[in-house]
Structures are given as structure tokens and as C-alpha cells.
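Student: Shown below is the structure under consideration.
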């Protein structure tokens, strides 16, 4: 991107295009749904890792609560998050996850990261 182009982009838009984005999602399986939830998350992970804007996509399981999963996702920028969320397999996940789990998703940007 040229300096002239950068100067015409609002600072918040420039940050949106150049700053990595992290998604943390916490999912707690509904009774007797943990195996189905894990399968859904594994399928989503395979597809998400293939996205050009994906840097990292990990599934964690709580040591103390086998019904709780944590997704740790890192994307190149906010546009990559937008592309991820618009993907057909993500839309399929959204249509199915509510029957399997309670879900909290947080999208963040770096403040102090090493």
C-alpha cells in the first residue's frame, strides 16, 4: 500500500486492515451433546484452518469440565474474520451449534502481545 493510499484511509480503517484479530469462543455442551459438539468443532476447524486469512485455529477442552470447549482463533486482520464468518461452513456451524451448546464468542485486537 503506498503512503498516499495510507493517508486517505481513516486510522481506524487502517488498523482494521493491518491488525491481527483474535477470537476466543467458550462452548459448554448441553447434556449428552459433548461428542456431537466436538465433531462439529473438528469439522469447523479443518475448514477454518484452510482459510487464507487464518493464522491459527485451536480447540481446547477444559480439564475440569469435559463438556466445556474453548476455541482459540487468530486471523490476519478483521477482514479475514469477516470472510470466516461469511463462509458457508461457518454459517452451517451457527445453524447447528445452538442445539448442542451454550456459546460465548469474543473478538479482540492486540493491546500488549508478544
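Student: Round to a whole angstrom and tell me the spacing of the C-alpha centers of the range 23-59 and the range 80-94.
Tutor: Centre-to-centre (Cα) distance: 12 Å.
Student: Oh, and also: Sequence gap at least 6, Cα distance under 8 Å: using those rules, report the relative contact order of the range 9-108 to the nearest whole percent. The partial results should precede the final answer.
Tutor: Details: 155 pairs, mean separation 43.5, N = 100.
Here the relative contact order equals 44 percent.
Student: At 7 Å along the Cα-to-beta-carbon direction for both residue 103 and residue 58, put a label point, then send me their distance in nm to one decimal.
Tutor: Result: 2.1 nm between the two label points.
Student: Which value in nm describes the separation of the simple spin-label points at residue 86 and residue 26, placed 7 Å from the Cα toward the beta carbon?
Tutor: Reported label-point gap for residue 86 and residue 26 is 3.1 nm.
Student: In Å, the Kirkwood hydrodynamic radius of the range 49-114 over pairs of distinct alpha carbons?
Tutor: Values: mean 1/r = 0.0740 Å⁻¹.
13.5 Å is the Kirkwood radius here.
Just so you know, all these numbers are worked out from the coordinates, no wet-lab data involved. The structure displayed is predicted, hence computed values, not measured ones. For neighbour counting, all protein chains shown are included, and Cβ atoms are generated from backbone atoms with ideal geometry for every residue, glycine included.
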